[in-house]
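For reference, the structure discussed in these notes is given below.
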Amino acid sequence: RHFSLADCDVVGFDLDHTLCRYHLPRSARLIYDSFAQYLVTEKGYDEDLLTLDPDSLDFCCKGLVLDIEEGNFLKLAEDGTVLRASHGTKSMTFEEILETYGRREWKHFSTVSGMVSRTAKYYLYDNYFDLPGALLCARVVDSLDQHDGQRKYDFWKDMVAAIQHNYKISAFKEDCGTYFPEVKKHPDKYLQRCPESVKKWLKQLKNAGKILLLITSSHSDYCRLLCEHVLGNDFEEYFDILITNALKPGFFSHTPNQRPFRTLENDEEQEALLSLDKPGWYSQGNAIQLFDLLKKMTGKLDPKVVYFGDSMHSDIFPARHYSNWETVFILEELLGDKVTVPVKAESEPLEKKGKYEGDQLKAPYFVSKQWGSFFMDRLPGLENAEETLVHTWSCKCISTYSTIAIPSLEAIADLPLDYRFTRFSSNSSATAGYYPTPPKALLPNEESVTMK
């Protein structure tokens, strides 16, 4: 029933949106611009896509699935029925949803719920790097409808090209695309520094004899920029093993064709290693060879590993499903009940207040009026029947694949290492594994939920 870090031999972390938190509305805007710029200049899309009303970021909501051929975005219930939908950015009525999707499991639900995401039929939005692309795709659909009256859409290949152009491995070094050059120039504008409590906690874990891992899909040069900025120049001292360009979820799932580990020199990948023999900084690799090294380092046949991450698809599901690790899901949506932007500590003199603070959204980026609660929604009754409250598919995944879910590392950094968390399990309540408190939407008779 309980989970404690004291029982773990190895503590692993994802980097982006886990150890390194971003200023979300700002980074969302940058990501949106980087994709839109490419579609307009390289692929000839409508220039209107380059202007963005900040309030339209409300469209971005984790857990949405894009039905690519139809140009529709869907919010799914735990049984795979469609709870809400939009065509482009425009919300569909309940009648339109029934007409298009019926009251039955969405046709691709069995593959999407198996976390298979590489397909030309749909795309799952489950992390903050992807999400602004959802808004852009929705606006592309609006634009194509307006100009061409299209019914089937083929913009997805261009969107994939935009993502690859901006995030490709060499983009940081070559200063290409819009994304990396801008973050390099203004790291403070986009990155939040790691709280002292979290740094202290990482040291405490290490002093308690835990092996600390960092596993990120970012390339080593971007990883270095982030870590120096959020943790400090001595960031390497926090970790025993750093793995960059890990290409999760493949890092966990790709057997028997695992990628070998490679050493790095000046951020250039070197020859492939046959096995992993000692701690250090590596690129690529796979969970099986990593686990062999962890056995050596701990002297245990089955060392207990816990992994912290923010993406259900890339971190939590594969670490649990393929490697059978404990998983801690970082879910900023848990902060959504407190709909205020955190105020900077009062001790800061006024002139030091960031020059970027004016562009904060009124509500946090992770609360969407258009899509309602991330965790629950109302399903209208058919033929005058009562409406029912149902869990979303995203919510079901949390209790199925994560050990516990927390809003940030800071939320647990001051707890003793032997603190016993109640874990999610099939025989405990649906809210058991949320710390420090379950989302209001999941509590009975809670009318404050924005479901309208």
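The values are calculated or read from the model by the stated rules, or taken from the named source; none is laboratory data. The structure presented is a predicted model; accordingly, all values stated were derived computationally and were not measured. Note that each Cβ is placed from the backbone with ideal geometry, even for glycine, and that neighbours are counted across all protein chains shown. Just so you know, the surface numbers come from the protein's heavy atoms only, side chains and all, with ligands and any DNA or RNA stripped out. Shrake-Rupley method; radii C 1.70, N 1.55, O 1.52, S 1.80 Å.
With both labels modelled 7 Å from their Cα along Cα-to-Cβ, the Ala430 to Asn324 distance reads 3.0 nm.
Peptide packing for 421-432, 282-293 was compared via the average number of neighbouring C-beta atoms within 10 Å per residue; ordered from the highest value, the list is 282-293, 421-432.
For the pairs Lys121/Lys152; Lys43/Lys189; Lys203/Lys440; Lys173/Lys278, flag any whose C-alpha to C-alpha distance is greater than 23 Å. Please list the in-between numbers first.
Numbers: Lys121/Lys152 11 Å; Lys43/Lys189 29 Å; Lys203/Lys440 33 Å; Lys173/Lys278 28 Å.
Pairs exceeding 23 Å: Lys43/Lys189; Lys203/Lys440; Lys173/Lys278.
Mind running the shape call on the stretch 363-435? Use the C-alpha gyration tensor, a ≥ b ≥ c as the square roots of the eigenvalues: rounded below 1.5 for a/c, prolate if a/b tops b/c, oblate otherwise. It comes out oblate by the Cα gyration axes.
For the stretch 143-301, the per residue solvent-accessible surface stands at 49 Å², with DNA, RNA and ligands left out and a 1.4 Å probe.
Couplings for the stretch 18-29, taken from phi via the Karplus curve 6.51 cos²θ - 1.76 cosθ + 1.60 with θ = phi - 60°, read 10, 7, 9, 9, 10, 7, 4, x, 6, 5, 4, 4 Hz in order; Gly and Pro are left as x. Separation of the alpha carbons by more than 24 angstrom is noted, of Lys184/Lys206; Lys168/Lys200; Lys90/Lys184; Lys210/Lys300, for Lys184/Lys206; Lys168/Lys200; Lys90/Lys184.
For His219, the residues whose modelled amide H falls within less than 5 Å of its own, excluding neighbours fewer than 5 places apart on the same chain, are Asn245. Could you tell me which of rounded, prolate or oblate describes the stretch 24-186, using a ≥ b ≥ c as the square roots of the eigenvalues of the alpha-carbon gyration tensor, with rounded for a/c under 1.5 and, failing that, prolate when a/b is larger than b/c and oblate otherwise? Since a/c reaches 1.5 and a/b is larger than b/c, the shape of the stretch 24-186 is classed as prolate. Note on Rg and Dmax of the Cα atoms in Å: of the candidates (1) 21.9, 67; (2) 23.4, 78; (3) 25.9, 88, the value calculated from this structure sits at (1).
Label separation (Gln146 vs Leu274): 6.2 nm, computed from points 7 Å beyond Cα along the C-beta direction. Nearest 10 degrees is fine. How inclined is helix 196-207 to the longest principal axis of the chain, computing both from alpha carbons? That works out to roughly 50 degrees. Dividing the mean sequence gap of close Cα pairs (under 8 Å, 6+ apart) by how many residues the chain holds gives a relative contact order of 22 percent.
Once neighbouring chains are kept in place and the probe is 1.4 Å, which whole percent of the accessible area of the chain is contributed by carbon and sulfur? Don't jump to the answer; show the numbers that get you there.
Working: 10210 of 20570 Å².
With neighbouring chains kept in place, the figure for the chain is 50 percent.
For the chain, give the magnitude of the charge dipole about the Cα centre (Cβ charges: +1 Lys/Arg, -1 Asp/Glu; no others), in debye to the nearest 20. Spell out each step's value before the answer.
Numbers: 52 positive and 67 negative charges, 216 e Å.
Around 1040 debye, computed over the chain.
Computed from the Cβ-Cβ distance with R0 of 56 Å, the FRET efficiency linking His2 to Glu174 stands at 0.70.
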